[in-house]
Each structure stands twice: as structure tokens, then as C-alpha cells.
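Here is the structure we will look at.
The values are calculated or read from the model by the stated rules, or taken from the named source; none is laboratory data. Given the structure is predicted, the values throughout are model-derived calculations rather than measurements. Cβ atoms come from the backbone with ideal geometry, glycine included; neighbour counts cover every protein chain shown. Accessible surface areas use protein heavy atoms only, side chains included; no ligands, DNA or RNA. Shrake-Rupley method; radii C 1.70, N 1.55, O 1.52, S 1.80 Å.
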Amino acid sequence: MSRALDKAGRWIGWAFFADLANGLALTFGYMFSRPVTMQYPDKEKWLPYSRYRGHHFLKRDDEGEIKCVACELCARICPCDCIEVVPYEDEKGNRRPAKFEIDTARCLFCGLCEDACPADAIALGQQYEFSSFSSRDLVIGRDDLLAKPGKAMTGGGVVAARLNTERDVLVEASEPRGYNWWRNIRRK
Amino acid sequence: MELIVALGVIVFKVALLIAILLLLPLPLTWLERKIAGHMQQRMGPMRVGWHGLLQPVADGIKLLTKEDHIPAEADRFLFKLAPILALAPPFVVFAAIPFGETVSVLGNEITLYISNLNVALLFVFAVIGLEVYGVIFGGWAANSKYAVLGSLRTCAQMISYEIPMGFAVIGVVMLAQSMSLLDIVRAQTDVWNVVYQPIGFFVFFVAGLAEAQRIPFDLAEAEGDLGAGFHTEYSGIRFALFMVSEYVVMVLVSVLTVILFFGGWNGVLIPLPPLLWFLLKVAFFVYLFMWFRFTFPRYRYDQLMAIGWKVLLPLSLANIIISGVVFS
């Protein structure tokens, strides 16, 4: 009996385009769901996870001196040989880098330099917008590395991109674990 | 003096209608892209103007300033003629379409239609039939295999679907005892035709979808398999003319559906101005067209022909017989 009812129901559904109506209802529902688009880069911007490895930066100590002691351990451990350090002795007699260059075009952002550093001088920050028209511009020198924002300075935030029309656009920082890509995705 | 005033009114109405119809694709393209975006959980145009409202204007400027390219092997005369042939018929049809009874402006009663033909329905179908020439010439003149395939498909599709479309409205003519669109709307003051003619409405609407070449019957310009169909080789302003004609036909089919089956400017329950009722109904059908477009896949060519000849044609014939028996 129920089988016959099922069959009849299916036939009635077929005759009145139940499948087409289902499709229409689905698209109509989606029309009023939140879009998943991120309006990068001028309205919204991806806030990376706190352990994200982005652009390198060099740290300073409390007196404002560069922490790096130019031991060259980072250059040694670097798997793609993209760090070049030249040491010198400053007026206080400390060993400091005269030249500290990272070729970010070759860097694979493994973070081994950060692990190897005995003086806690280099770390990988959360800035990820440093594309360039020339690979020569991707070789970052010591002073630029010092000027790059560290993780603590921006609270994990992202610095404004070059294309920005509105300054200091950040994704709301209420998500400390980074941007939730699945926020508006509907899953059954 | 009265003659001059009457002439002036007609000229003003014609100019206003043409201006509205030419500008209509601007909001409609925006709306279509917005609806498409939101149905796919995207946002659609957002950058030009508030929520991308000026995007169609930007697109229009782009199309106007693009190179007007004519393929080397093309039939130049037909190639230039085709967009105009595609654009003119939908505009001409609107001359016979009423938008309401009358409004009084400065003490004068002004009719909301350009002409009240007593054979308006025949005129409408005859002129819509001419639209296929623009498509066929466009595809033929471009001398490109995709364009020719697209126009071949259009040719067969138009012929197959104009027959059930014409048969479907016979029931409406029986009910109104007239072919004048104004009388057809007046006959629906109490009950809309869709109540008496559900099959007729179904056949007319499906055939209208095919006539306007919208998904699921847009085989003439199937992007997936034909490049862009009959307008593959068109660029710049000529392409824009094809797009304008496509949107005007879409509005035209919506308007015809409303007039023939949904009571034109007769409202129900809520007392609104008649013209507003009319526009609301038309807007609903335009939305329905876009909704269908982003829901359904395209029919295969043999399926298209099967639906036209094996489903819609018998249905429309049965509709004529049933309405003839019931309403006589």
C-alpha cells in the first residue's frame, strides 16, 4: 500500500515539477544567505593565525640596540641559503651585523632561522603582502628588517597593503585564532 | 490646434517609451549580476558606485569605446544590419502594448498606450517573429562556425516554439472575445485568466522562455558549447545592441504574460495604483526569468525539440479543445 502511495506521490511530483521547484527553493534560500566573498584588499583583509610565518623582522633589545650578534647560525641552517650576514664590531665592542640580507624570493618561510637564533633576534611576522615587480626588490636589508612590524607590535594584525584606498583596514580582531574561512559557508 | 496637441502627446509617449526601453538594460544587468552573485554566495558588483550601482554605466562606456571589429570574411552589410534587425522588433511591439487605462495630466485624459489595435495580439506575434532575422543574419554574416551553429539553432527553436505560443493564447482570446490587449485585460477584472487557463499559461510561459532565449532554452548563445552563439564575432556597440534587444525581449515576454494571464493592471486585495500593480507583476516575472537562469541547466538540443513538439504542442492543442468545449 505504502509502495503504491510512494509511486503515486512520485508521479504527482513529476507531473507538477517537484524537482524543479526543489531547485528553485534551494537557489532562493541561498540568495538570502550571507556571501562568503572577502572584499580584499580595501574593505576586508585576512588576519593570519598567530603561528603564521610571514615576513621576517629583526628585534631590538630594551636599549633600542639590534639584538642580533651576527653569529651566522641562521645563514648556516637556512635550507635555501637565502640569508647573508656580515659581522662587524661596534664602538661598544659588541659583534653586530653590518649586513643582514634575506632574499625573500628564495626563502621558503620554514622558520628554522627563528629556531636557530641564540639571541632571539630574528622571527617571522604576520605580514604577507610583499609582492613586487622585481625580484631584486625582494632582497630585504638589515634596516628594512628592523623596520618591519613584529608580532607583538601589531597584535597579530596586518599592515596596510600598497593598493589600499582606506588606510588601516583590518579584519575585526575578535577572532584571535585568525580568520575563519568557514564562517559563512553553508554545509549540509 | 487639437491635432497638434494630440500629435505632441503621441510623440512624447513614443519618445518616453523608447528612452525607458533603451535605459532598461542598465538596471536589469545590474540586477541580474547581483541575483547571480547572491545565489552563488558571492556579492556581485560592489566596486563601482554604491553596491556596484554604476557598474552598468561603466560597462556601457567600455562597450562604446571598444574597437568595432568586423571579421575579414564577413558579409559587411548584413553584419551591420543584424543588430538593428534584432533590436527593432521588440521596440515596435511595445507600440501595441497597453500599460494601463488613462491618467489625467493637467486636466487632459492621457491614455497609457500608444495605440489600441483591435488585432494587437496578432500584431505582437507577427512582429516578435521578425526578431529571428536579426539572429539569423548575425550568425550567417559573421562567417564563423559557432555563429552559424548558434543561428541555426535559433531558427529551429523559434519556429518550434512560436507555434505552441500562438496556440496557447487562443484560449485567452476565446475568453475575452477580442484580440485587443486592452479588452483582454478588461475581461480579467474579476478573475485572472490564469485561473481559467493554467495549461495555457504554462505553455505560454515555457514557450516565452524559449522565445526570449533564456536559460534553460538559451541554446542560441550557449556559452559552454558555442563560444557566444550568434554574436560570437560581435564586439563593442553592436554587441551592446544585441544585449539590449535580449533584455527588451525578456521584459516583453514578462509584460505579455502579465497582460494575457495575470490580469494586467487589475489588482487584488491591496488597493494600489493600477500602473504600480502592473509594474510589480512585470518585475516579478523578470525576477522569475533571472531566478530560472541561475537554477536550471541548459536543455540538450534534442530535448528542446522534444519539449516543443511532443509536449507543448499537444498540450496547447488540448487546451484549445478543452476551453472551446467549456466556454462555448
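Could you please let me know if A:G64 is without any contact (Cβ under 8 Å) to a residue 12 or more places away in the chain, more than 10 Å from chain B (Cβ to nearest Cβ), assigned to a loop (DSSP other than H, G, I, E, B) and open to solvent by less than 40 Å² (accessible area, probe 1.4 Å)?
Values: without any contact (Cβ under 8 Å) to a residue 12 or more places away in the chain: yes; more than 10 Å from chain B (Cβ to nearest Cβ): yes; assigned to a loop (DSSP other than H, G, I, E, B): yes; open to solvent by less than 40 Å² (accessible area, probe 1.4 Å): yes.
So A:G64 fits the description; yes.
With respect to A:L58, determine if the residue is away from chain B (no Cβ under 14 Å) and of a type in the set (A, V, I, L, M).
Numbers: away from chain B (no Cβ under 14 Å): yes; of a type in the set (A, V, I, L, M): yes.
Judged against the criteria, A:L58 is a match.
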Inset, instruction - Write out, first by first residue and then by second, each pair whose Cβ atoms fall under 6 Å of each other, whose residues are 6+ apart or on separate chains, and whose first residue, in the range A:67-82, is on the phi > 0 side of the Ramachandran plot while the second is open to solvent by 60 Å² or more (accessible area, probe 1.4 Å). - result: A:A70/A:R95
Legend entry - Residue satisfying condition, being surrounded by fewer than 20 Cβ atoms within 10 Å (Cβ to Cβ) and hydroxyl-bearing (S, T, Y), within set B:S254, B:S235: B:S235
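Do we find a residue being out of contact with any helix residue (DSSP H, G or I) (no Cβ under 9 Å at 6 or more places or on another chain), open to solvent by 20 Å² or more (accessible area, probe 1.4 Å) and assigned to a helix (DSSP H, G or I) anywhere in the range B:207-226?
So far as the range B:207-226 goes, yes, one or more of its residues are out of contact with any helix residue (DSSP H, G or I) (no Cβ under 9 Å at 6 or more places or on another chain), open to solvent by 20 Å² or more (accessible area, probe 1.4 Å) and assigned to a helix (DSSP H, G or I).
Listed residues B:P90, B:P71, B:P83; which is within 23 Å of B:D183 (Cα to Cα), open to solvent by less than 30 Å² (accessible area, probe 1.4 Å) and out of contact with any strand residue (DSSP E or B) (no Cβ under 9 Å at 6 or more places or on another chain)?
So the residue among B:P90, B:P71, B:P83 that is within 23 Å of B:D183 (Cα to Cα), open to solvent by less than 30 Å² (accessible area, probe 1.4 Å) and out of contact with any strand residue (DSSP E or B) (no Cβ under 9 Å at 6 or more places or on another chain) is B:P90.
Please work out if B:I114 is within 20 Å of the chain's Cα centre (by Cα) and either within 14 Å of another protein chain (Cβ to nearest Cβ) or within 28 Å of B:L275 (Cα to Cα) (or both).
Yes.
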Inset, instruction - Starting from the range A:84-102, keep only residues that are outside any strand (DSSP E or B), then list their pairs with residues that are buried (at least 17 other Cβ atoms within 10 Å of the Cβ) and of a type outside the set (G, A, S) whose Cβ atoms are within a distance under 7 Å, requiring at least 6 positions of separation or different chains. - result: A:D90/A:R96
Legend entry - Residues that are of a type in the set (G, A, S), within 9 Å of another protein chain (Cβ to nearest Cβ) and at positive phi, drawn from the range B:32-65: B:G44
Inset, instruction - Output the number of residues of the range B:222-271 satisfying the condition of being within 19 Å of B:L28 (Cβ to Cβ) and under 16 Å from the mean Cα position of the chain (by Cα). - result: 18
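Assess whether B:A318 counts as being more than 12 Å from chain A (Cβ to nearest Cβ), exposed (fewer than 14 other Cβ atoms within 10 Å of the Cβ) and either touching a strand residue (DSSP E or B) at 6+ places or on another chain (Cβ under 7 Å) or among the aliphatic types (A, V, I, L, M) (or both). Lay out the reasoning, then the answer.
Numbers: more than 12 Å from chain A (Cβ to nearest Cβ): yes; exposed (fewer than 14 other Cβ atoms within 10 Å of the Cβ): yes; either touching a strand residue (DSSP E or B) at 6+ places or on another chain (Cβ under 7 Å) or among the aliphatic types (A, V, I, L, M) (or both): yes.
Considered against the rule, which asks whether it is more than 12 Å from chain A (Cβ to nearest Cβ), exposed (fewer than 14 other Cβ atoms within 10 Å of the Cβ) and either touching a strand residue (DSSP E or B) at 6+ places or on another chain (Cβ under 7 Å) or among the aliphatic types (A, V, I, L, M) (or both), B:A318 comes out as yes.
Name the residues in the range A:38-54 that are away from every other protein chain (no Cβ under 14 Å) and closer than 26 Å to B:Q40 by Cβ, would you? Write out each step before concluding.
Just the residues of the range A:38-54 that are away from every other protein chain (no Cβ under 14 Å), to begin with: A:45-54.
Scanning the range A:38-54 gives A:K45, A:W46, A:L47.
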Legend entry - Among the residues listed as B:G8, B:G37, the single one being without any contact (Cβ under 8 Å) to a residue 12 or more places away in the chain, part of a helix (DSSP H, G or I), open to solvent by less than 70 Å² (accessible area, probe 1.4 Å) and closer than 30 Å to B:S180 by Cβ: B:G8
Legend entry - Count of residues meeting criterion [free of Cβ contacts under 8 Å to residues at least 24 places away in the same chain, facing chain B (nearest Cβ under 8 Å) and either open to solvent by 100 Å² or more (accessible area, probe 1.4 Å) or hydrophobic (A, V, I, L, M, F, W, C) (or both)] in the range A:6-37: 6
Inset, instruction - Kindly provide the set of residues from the range B:274-317 that are assigned to a loop (DSSP other than H, G, I, E, B) and in contact with a Ser or Thr (Cβ under 8 Å, 6 or more places away or on another chain), ordered by number. - result: B:F294, B:T295
Legend entry - Residues located in the range B:289-321, provided they are aliphatic (A, V, I, L, M) and in contact (Cβ under 8 Å) with a residue 12 or more places away in the chain: B:M290, B:L304, B:M305, B:I307, B:L312, B:L313, B:L315, B:L317, B:A318, B:I320
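Which one is least open to solvent (accessible area, probe 1.4 Å), of the residues in the range B:260-287 that are aliphatic (A, V, I, L, M) and out of contact with any Leu (no Cβ under 9 Å at 6 or more places or on another chain)? First the steps, then the outcome.
Let us first name the residues in the range B:260-287 that are aliphatic (A, V, I, L, M), namely B:260, B:268-270, B:272, B:275-276, B:279-280, B:282-283, B:286.
Filter again for out of contact with any Leu (no Cβ under 9 Å at 6 or more places or on another chain), leaving B:268-270, B:276, B:279, B:282-283.
Numbers: B:V268: 67, B:L269: 177, B:I270: 104, B:L276: 79, B:L279: 93, B:V282: 14, B:A283: 54 Å².
Result: B:V282.
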Legend entry - Residue list for the range A:129-146, filter: at pLDDT 85 or above, more than 23 Å from A:R60 (Cβ to Cβ) and surrounded by 15 or more Cβ atoms within 10 Å (Cβ to Cβ): A:L138
Inset, instruction - Test B:V105 against the criterion of being touching a Phe, Trp or Tyr at 6+ places or on another chain (Cβ under 8 Å) and without any contact (Cβ under 8 Å) to a residue 24 or more places away in the chain, and give yes or no. - result: no
Inset, instruction - Could you please give the count of residues in the range B:276-302 that are within 14 Å of chain A (Cβ to nearest Cβ) and closer than 14 Å to B:D218 by Cα? - result: 10
